[in-house]
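Beneath this line is the structure, given in structure tokens, with notes to follow.
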Amino acid sequence: MTKPIIELKKADLTLGDGASSVHVLKGMDLTVQRGESVGIVGPSGSGKSTLLMVLAGLERVDSGEINIDGNPIHAMSEDQVADFRGRNVGIVFQSFHLIPNMTALENVAVPLELAGRSDAFAVAREELAAVGLAERLTHYPGELSGGEQQRVAIARALAPHPAMLIADEPTGNLDTETGRQIADLLFAQQAERGMTLLLVTHDHKLAARCERQVRVRSGEILDEENADDKAAAVA
């Protein structure tokens with residue numbers, strides 16, 4: 001049996017100090033298989049976005065273990081985590097986080113250049129074509145629609161060919177139809193590339209498209225449901 005790509009063990013995290021401190025993750029355990037799509041759902045403030053940030057190495061846990069593709073990122077230095085994340089984890093946020101004075105092509109290529117890739121612009125062109133933006137390479141974010149900006153952000157996340165894609169409310173700033181198109185794109189790219197997809201969303205229809213749903217409340221995982229469970233329930 002192949003080793004899980006994500007093994008989170010007793011992850012505990014408190015943010016803030018004193019009376020303002022919040023116990024965000026409470027000894028959380030999570031295992032995700034390579035190539036699996038997992039929807040993470042729960043009320044606002046439940047800890048689901050923090051869970052993604054911990055798995056991406058953007059937040060450090062107070063205690064517990066985080067093993068990504070066999071790498072113990074909880075034991076790495078900040079520089080080591082950043083290097084690992086740049087090569088292995090793609091991240092898409094609700095807000096697109098594009099650099100406004102760079103074109104779509106530059107927004108995708110520059111992170112690759114900073115990582116030392118000599119083929120950065122060639123890869124960026126390929127990735128933008130893969131998300132349907134081959135004709136928008138020289139446009140700046142302000143000249144693109146919200147859906148197009150999110151496509152650029154997805155191309156940027158996919159460009160290093162990560163083993164894992166993390167998406168935090170990727171359709172949250174989009175209208176219903178554009179959001180559906182972005183969701184279609186994410187699942188199509190995940191299937192084509194064999195990536196693991198972790199998706200935080202308030203949209204239960206979107207979460208239901210994942211192979212498994214994980215429900216989070218008050219920093220704890222309440223339950224999990226996979227696609228076979230859903231099919232059995234309908235039958």
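The values are calculated or read from the model by the stated rules, or taken from the named source; none is laboratory data. Just so we're clear, the structure is a prediction, and the values are computed from it rather than from any experiment. Glycine also receives a Cβ, built like all others from the backbone with ideal geometry; neighbour counts cover every protein chain displayed. Accessible surface areas use protein heavy atoms only, side chains included; no ligands, DNA or RNA. Shrake-Rupley method; radii C 1.70, N 1.55, O 1.52, S 1.80 Å.
List of remarks:
- Directionally averaged shadow of the range 43-101, computed from the convex hull of its alpha-carbon atoms, nm²: 5.4 nm²
- Three-way shape label, the range 29-141, alpha-carbon gyration tensor, a/c 1.5: prolate
- Fraction of beta bridges assigned by DSSP in the chain that are antiparallel (%, nearest 5): 55 percent
- Volume in Å³ per residue [convex hull over Cα atoms, computed for the range 157-222]: 103 Å³
- Cα gyration tensor, the range 113-193 - rounded (a/c under 1.5), prolate or oblate: oblate
- Packing-based ranking, highest mean first, of 38-45, 60-67, 12-19 given that Cβ atoms within 10 Å are counted: 38-45, 60-67, 12-19
- Relative contact order computed over the chain (Cα-Cα under 8 Å; 6+ residues apart), in percent: 27 percent
- With contributions of -39500 (n - 2.57) from each DSSP H run of at least four residues, the per-residue ellipticity at 222 nm computed over the chain stands at -11000 deg cm²/dmol.
- Lysines with Cα under 26 Å of LYS205, excluding same-chain neighbours fewer than 8 positions away: LYS48, LYS230
- Net charge of neighbours whose Cβ lies under 12 Å from the Cβ of GLY27, counting Lys and Arg as +1 and Asp and Glu as -1: -2
- Within a Gaussian network of the chain (alpha carbon springs, distance under 10 Å), most fluctuating of GLN190, GLN150, GLN181: GLN181
- ASP62 versus LEU15: modelled label distance in nm, points set 7 Å from Cα along the beta carbon direction: 1.4 nm
- The chain pair-distance distribution - Cα-Cα, 5 Å bins, rounded %: 1, 6, 14, 18, 19, 16, 12, 8, 4, 1, 0
- Gained length - THR2 relative to HIS23, 0.36 nm times residue gap less alpha-carbon distance: 4.2 nm
- A 1.4 Å probe run over the protein chains yields, for the chain, 48 Å² of accessible area per residue, whole-number rounding.
- As a calculated quantity, the FRET efficiency between ALA134 and HIS97 at R0 = 22 Å, using C-beta atoms, amounts to about 0.50.
- Backbone phi angles across the range 39-49, fed through the Karplus curve with coefficients 6.51, -1.76 and 1.60 (θ = phi - 60°), yield HN-Hα couplings of x, 10, 10, x, x, 4, x, 7, x, 5, 5 Hz in residue order; Gly and Pro are listed as x.
- Amide H contacts of VAL92: ILE166, ALA167, ASP168, each under 5 Å away and 5 or more positions distant or on a separate chain (H built 1.01 Å from N in the peptide plane; Pro and chain starts excluded).
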